[in-house]
Amino acid sequence: MGGQCKCKRRVSGRQCNQCQHGFYKLRASLDDGCLDCNCNAAGTLWPHITCHQDSGQCQCKTNVIGRTCDRCNYGFKFLNHTNPDGCEPCGCNPDGSLHQFCNPFSGQCECKNGIQGLLCDTCPPGTYGPSMDGVCMSCNCSAAGIISGSVCHPVTGQCVCRPHVEGRRCDSCSDGWYTLGLNDSQGCQPCHCDPRGTVEASALCDKETGQCQCKNGMEGLRCNRCSAHMYNLSSGNDTHACLPCNCDLAGTLAGTVCDPDSGHCVCVPTHHAQDCSTCKPVYRLKSGNGLRKARIWM
């Protein structure tokens, strides 16, 4: 009844003319009639557990290849049933690798000479990069500016700086500090600029010499004293930190300067007052050769 032929084990259909689901390549020479598709569950699109009836090709996920969907496509790695695409990209560093293909099982990319790491993105200790042309560059950290025993960042090349030191190589003092030195525990010395004597009350100095930027009439490394013939640092304004002494030329002892605090000039014996412009008692002024001179009043 029904005309159903008696099929081999892996064959179906009334006439026994097709393979069962999960089998392919119907052949009279096969004991079971068909071969097992044997599709890899991790690489096959679910629920397509069968394969093409003639070729046996399973239906692979996006990044999977092979008749049984059992391996990652070139440039992909780590076949996994939880990955909807089957495999993930190799992710080889384009600067450090020879190409974008990797070992599909370990994920190891093929690195250029001198480059390390699974993705060929790491340089050996003491170097950083790789650069766009695939070269690891020397950290070249400043011995005076780095923390002893440290190495630079393997990607950016930033060295590990001591306090108050900056720059990729740790070769420059931070603002407000100067004179980077090996024997200085701080790395650099503080500027200690006197805000009364610096332009715009700046606390910054030259990072090599330590010279602060002084207002007119100021001098010294820290701009903390009045220049010759100037006095009274506390009286400063935006452009001048000290006042001029204005010593009287005729009444002041030649080659002298006024007191930097009081502004008092050094007078010749016949004169007095802060600027030495006044004759002492029993002396009067007489004119001669364009200069005023004190003479005893007779």
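Pairs meeting the criteria (first residue in the range 34-59 and among the charged types (D, E, K, R), second residue crowded, with 16+ Cβ neighbours inside 10 Å and outside any loop (DSSP other than H, G, I, E, B), beta carbons under 9 Å, at least 6 apart or on different chains) are Asp36/Phe23; Asp36/Tyr24; Asp54/Tyr24.
Restricted to the range 220-238, and to residues there that are touching a strand residue (DSSP E or B) at 6+ places or on another chain (Cβ under 6 Å) and more than 22 Å from Asp275 (Cα to Cα), the residue that is modelled with the lowest pLDDT is Cys223.
Return the residue satisfying two criteria in turn: it lies in the range 25-44 and is touching a Lys or Arg at 6+ places or on another chain (Cβ under 6 Å) and either at pLDDT below 90 or part of a loop (DSSP other than H, G, I, E, B) (or both), and of such residues it is farthest from Lys6 (Cα to Cα). Give the derivation first.
Initially, the range 25-44 is screened for residues touching a Lys or Arg at 6+ places or on another chain (Cβ under 6 Å), giving 32-35, 43.
If we keep only those that are either at pLDDT below 90 or part of a loop (DSSP other than H, G, I, E, B) (or both) as well, we get 32-34, 43.
On the way: Asp32: 12, Gly33: 12, Cys34: 15, Gly43: 35 Å.
So the residue we want is Gly43.
The residues of the range 136-150 that are in a loop (DSSP other than H, G, I, E, B) and either in contact (Cβ under 8 Å) with a residue 40 or more places away in the chain or over 30 Å from Pro89 (Cβ atoms) (or both), listed by number, are Cys139, Asn140, Cys141, Ser142, Ala143, Ala144, Gly145, Ile147, Ser148, Gly149, Ser150. Checking each residue in the range 218-250 for being buried (at least 22 other Cβ atoms within 10 Å of the Cβ), assigned to a loop (DSSP other than H, G, I, E, B) and in contact with a helix residue (DSSP H, G or I) (Cβ under 9 Å, 6 or more places away or on another chain) picks out Cys223, Ala241, Cys242. Spot the failing condition for Lys77; the list is (1) over 30 Å from Cys111 (Cα atoms); (2) surrounded by 13 or more Cβ atoms within 10 Å (Cβ to Cβ), and only one is missed. With (1) over 30 Å from Cys111 (Cα atoms); (2) surrounded by 13 or more Cβ atoms within 10 Å (Cβ to Cβ) applied to Lys77, the lone miss is (1).
Inspect the range 152-159 for any residue being farther than 30 Å from Asp121 by Cβ and either touching a residue at least 40 places away in the same chain (Cβ under 8 Å) or surrounded by 14 or more Cβ atoms within 10 Å (Cβ to Cβ) (or both) and give the result as yes or no.
Of the range 152-159, the ones farther than 30 Å from Asp121 by Cβ are none.
So far as the range 152-159 goes, no, none of its residues is farther than 30 Å from Asp121 by Cβ and either touching a residue at least 40 places away in the same chain (Cβ under 8 Å) or surrounded by 14 or more Cβ atoms within 10 Å (Cβ to Cβ) (or both).
For residues that are in a loop (DSSP other than H, G, I, E, B) and surrounded by 21 or more Cβ atoms within 10 Å (Cβ to Cβ), scanning just the range 118-135, find the one that is farthest from the chain's Cα centre (by Cα). Ranking the candidates gives Cys120 first.
The values are calculated or read from the model by the stated rules, or taken from the named source; none is laboratory data. The structure presented is a predicted model; accordingly, all values stated were derived computationally and were not measured. Cβ atoms come from the backbone with ideal geometry, glycine included; neighbour counts cover every protein chain shown.
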